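First up is the structure itself, then whatever we jot down about it.
The values are calculated or read from the model by the stated rules, or taken from the named source; none is laboratory data. The structure displayed is predicted, hence computed values, not measured ones. As a convention, Cβ positions derive from the backbone with ideal geometry for all residues, glycine included, and neighbour counts pool all protein chains shown.
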Amino acid sequence: MERVYIGMGSNLAAPAEQLRSAVAALARLPQSEWVGVSAFYQSDSLLPGQPRYTNAVAALDTTLAPLDLLDALQAIENEQGRERLERWGPRTLDLDILLFGDRLIDQPRLKVPHYHMQERAFVLYPLAELAPADLRLADGRTLAELLEACPFVGLERLTTN
């Protein structure tokens with residue numbers, strides 16, 4: 001089994017409910033054991049004019065191959081009404097593999113660690129709730145180092161999931 005961290009985000013169709021439904025679906029994945037989910041956070045969209053996002057990070061242990069997990073995550077997105085109309089457009093649900101054990105994956109469909117995660121407070125702070133601070137990415141940097149370089153700005157931690 002490998003520990004996998006999954007970034008979750010939604011800014012359409014009751015975002016917090018979308019994340020709660022995704023958590024339930026992730027907990028049912030085959031060949032996987034549910035570990036937990038961070039608090040939910042709200043943040044502005046990276047693109048102007050979009051609704052605010054609700055984000056979280058989930059953790060699970062799995063024996064699924066990376067692309068099999070990606071297929072399962074995309075099936076969950078589709079079941080929850082995800083439409084891929086524009087890159088970085090509004091979405092009912094976005095599930096991204098952030099880290100997959102200590103693997104470096106560079107394939108056309110999947111890049112792990114997830115690109116730009118080190119610059120995104122809405123990924124790093126929820127991740128820090130689940131992962132140890134000395135978690136080391138494949139490039140040698142620790143989660144603590146990434147947090148130090150990425151201030152908690154523009155994030156609002158929600159009191160309930």
Ala65 being on the phi > 0 side of the Ramachandran plot and either loosely packed, with under 15 Cβ neighbours inside 10 Å or among the β-branched types (Val, Ile, Thr) (or both): no
Which listed residue, of Phe122, Phe100, Phe152, is over 20 Å from Asp44 (Cα atoms) and among the aromatic types (Phe, Trp, Tyr): Phe100
Sole residue being under 15 Å from the mean Cα position of the chain (by Cα) and closer than 18 Å to Arg28 by Cα, chosen from Asp68, Asp96: Asp96
Selected residue [modelled with pLDDT of 95 or more, among the polar types (S, T, N, Q) and crowded, with 17+ Cβ neighbours inside 10 Å] from Gln42, Gln31: Gln42
Pick from the stretch 45-83, criterion among the small types (Gly, Ala, Ser) and modelled with pLDDT under 95, ranking: farthest from Arg109 (Cα to Cα): Gly49
Answer from Arg3, Arg103, Arg82, Arg91 - the residue that is part of a loop (DSSP other than H, G, I, E, B) and more than 25 Å from Glu156 (Cβ to Cβ): Arg103
Filter result for the condition that a residue is more than 22 Å from His116 (Cα to Cα) and assigned to a loop (DSSP other than H, G, I, E, B), over Ala13, Ala25, Ala39: Ala13
